[in-house]
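Encoded as structure tokens, the structure appears first; notes follow it.
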Amino acid sequence: ALNILPNDYDVLNGLGDVRVANYEFEEAIDYYGKAIATNPERVDAYLNKASVLYQMGMFDEALSLLEPFAEKDARIKPIMANASYLRGNSIAGDVYLQKSVSFVDESDLSSVERSSGYFAIAAVEYSLTDFTEAKRYCELAVKNFPIEIGADSYFFLARVYSALGDYDRAWAAIDNGSNIGHFEV
């Protein structure tokens, strides 16, 4: 794909994902940077690059990379909250998390954007082991999504239900996700 489309955003971003899967973080950062250079308005490569920077413990760099998009994408503030918690700044994490909830609740977002924001908030709550809140935001995400959510979202929902000991709902979420795809689960 790179030989055919050497400056394609999706190809470069996808190659970054492949590098991450192989724990080749420096190479992943390079590919995400190239994807960003081809289309600086798309957010996914920024999110992916920030995720790698988090894994490398480079929280300040990740936060500064995402800051310009904090008011543009519902997934950004929850990720910034998580980075703040990971770097040991729970006060900033709490502020970002509250701003995340306000942004998703009050902004004029599409159903898909709102759902993505709620899932991102749920992921932060899950990482904080507040499974009840994670469940609440997962259910808001499902409620706001205009069509059936993706398989990965169902599998995340299954993890939340499992953490709460609600295994019947967890299995139902796994079944729903498996019906969409990812049969290896």
**Prompt:** Expressed as a whole percentage, what fraction of the accessible surface of the chain belongs to carbon and sulfur atoms when a 1.4 Å probe is rolled over the protein heavy atoms?
**Reply:** 51 percent
**Item:** Stretch in the chain that is longest and holds no GluC sites (Glu not before Pro) that DSSP places in a loop and that have at most 13 other beta carbons within 10 Å
**Value:** 72-147
**Fill in**
Computed from the beta carbon distance with a Förster radius of 25 Å, FRET efficiency for residue 71 and residue 42 to the nearest 0.05 stands at 0.95
**Complete:** A chain fully extended from residue 21 to residue 152 at 0.36 nm per residue, minus the present Cα-Cα distance, gains in nm 45.5 nm
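Kindly sort 143, 49, 34, 72 by accessible area of their heavy atoms, largest first, with the probe set to 1.4 Å. Show your work: numbers first, answer last.
Values: 143 160, 49 45, 34 95, 72 135 Å².
I get 143, 72, 34, 49, largest accessible area first.
Rolling a 1.4 Å sphere over the protein heavy atoms, what is the accessible area per residue of the range 1-135, to the nearest Å²? Present the calculation step by step, with values, prior to reporting the outcome.
Values: 6870 Å² over 135 residues.
I get 51 Å² per residue for this part.
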**Message:** Can you compute log10 of I(q)/I(0) for the range 85-185 with the Debye formula, treating each Cα as one identical point scatterer, at q = 0.12, 0.13 Å⁻¹?
**Reply:** -0.40, -0.47
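Could you work out Rg/(2.2 N^0.38 Å) for the chain, with Rg from alpha carbons only?
Cα-based Rg divided by the globular estimate yields 1.06.
State to the nearest 20 debye the size of the charge dipole of the range 33-124 about its Cα centre, where the only charges are +1 on K and R beta carbons and -1 on D and E beta carbons. Don't skip to the answer; put the middle values down first.
Details: 9 positive and 12 negative charges, 57 e Å.
My answer is approximately 280 debye.
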**Prompt:** With the contact rule set at Cα under 8 Å and sequence spacing of 6 or more, what percent relative contact order holds for the chain?
**Reply:** 11 percent
**Message:** Restricting to Cα pairs below 8 Å that are 6+ residues apart, what does the relative contact order work out to for the range 76-185? Please round to a whole percent.
**Reply:** 19 percent
**Prompt:** Which one of 89, 69, 39 is farthest out on the positive end of the charge dipole of the range 1-118, using unit charges on Cβ (Lys, Arg +1; Asp, Glu -1) and the Cα centre as origin?
**Reply:** 89
**Prompt:** Percent relative contact order of the range 1-98, based on C-alpha pairs within less than 8 angstrom and at least six residues apart?
**Reply:** 17 percent
**Asked** About its Cα centre, how strong a charge dipole does the chain have in debye, to the nearest 20, once Lys and Arg get +1 and Asp and Glu get -1 at the Cβ?
**Response** 200 debye
**the range 6-114: projected area of the alpha-carbon convex hull, averaged over directions, in nm²** = 6.9 nm²
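Going from most exposed to least, what order do 47, 164, 15 have by accessible area with a 1.4 Å probe?
Values: 47 20, 164 70, 15 50 Å².
Largest accessible area first, the list is 164, 15, 47.
The values are calculated or read from the model by the stated rules, or taken from the named source; none is laboratory data. The structure displayed is predicted, hence computed values, not measured ones. We place every Cβ from the backbone using ideal geometry, glycine too, and count neighbours over all the protein chains shown. Heavy atoms of the whole protein, side chains included, go into the accessibility calculation; ligands, DNA and RNA do not. Shrake-Rupley method; radii C 1.70, N 1.55, O 1.52, S 1.80 Å.
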